[in-house]
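Take a look at the structure set out below.
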Amino acid sequence: PEYPDRWDVFDPAVEYERIGLIGDGNPNWQLYRQEFSDEVPVADCLAPTYPSAWVVPASLDDDQIRSAAKYRSKQRMPAACWMHPDTGAVMTRSSQPMAGVAAKSNAE
């Protein structure tokens, strides 16, 4: 049997808005999207191990996000994943910075 394409079931923007991370009620965060397609192979995406969309500070522009990703293992930059509904405290996750023995760092 043929199975329908059900990638439309989950919409990251709807879910992040539902928990209050993005939308009119919270101007501090924005949804960052990367496109997976035949024209843009997964390996060429900003963070190949991340989903198609995640939440980053609204104060960052695309160049700053890309620059920050270069200094993280597998380009896993900090991304918001949950917000406490009462206090507004945000939980983020990321990989370790790639400082290492070469003392690599990001001036920004």
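So here's what we get for this one:
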{"item": "Some residue of the range 30-41 being closer than 20 Å to Gln96 by Cα, surrounded by 14 or more Cβ atoms within 10 Å (Cβ to Cβ) and at pLDDT below 85", "result": "no"}
{"item": "Some residue of the range 50-66 being modelled with pLDDT under 80, outside any strand (DSSP E or B) and more than 28 Å from Arg18 (Cβ to Cβ)", "result": "no"}
{"item": "Complete set of residues in the range 67-77 that are surrounded by 14 or more Cβ atoms within 10 Å (Cβ to Cβ) and assigned to a loop (DSSP other than H, G, I, E, B)", "result": "Tyr71, Arg76, Met77"}
{"item": "Cβ-Cβ under 9 Å pairs, at least 6 apart or on other chains, the range 53-65 side without any contact (Cβ under 8 Å) to a residue 40 or more places away in the chain and open to solvent by less than 70 Å² (accessible area, probe 1.4 Å), far side aromatic (Phe, Trp, Tyr) and in a loop (DSSP other than H, G, I, E, B)", "result": "none"}
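The values are calculated or read from the model by the stated rules, or taken from the named source; none is laboratory data. What you see is a predicted model, and the numbers here were worked out from it, not measured in a lab. FYI the Cβ positions are ideal-geometry reconstructions off the backbone, even for glycines, and counts take in every protein chain you see. Only protein heavy atoms, including side chains, enter the accessible area calculation; ligands, DNA and RNA are left aside. Shrake-Rupley method; radii C 1.70, N 1.55, O 1.52, S 1.80 Å.
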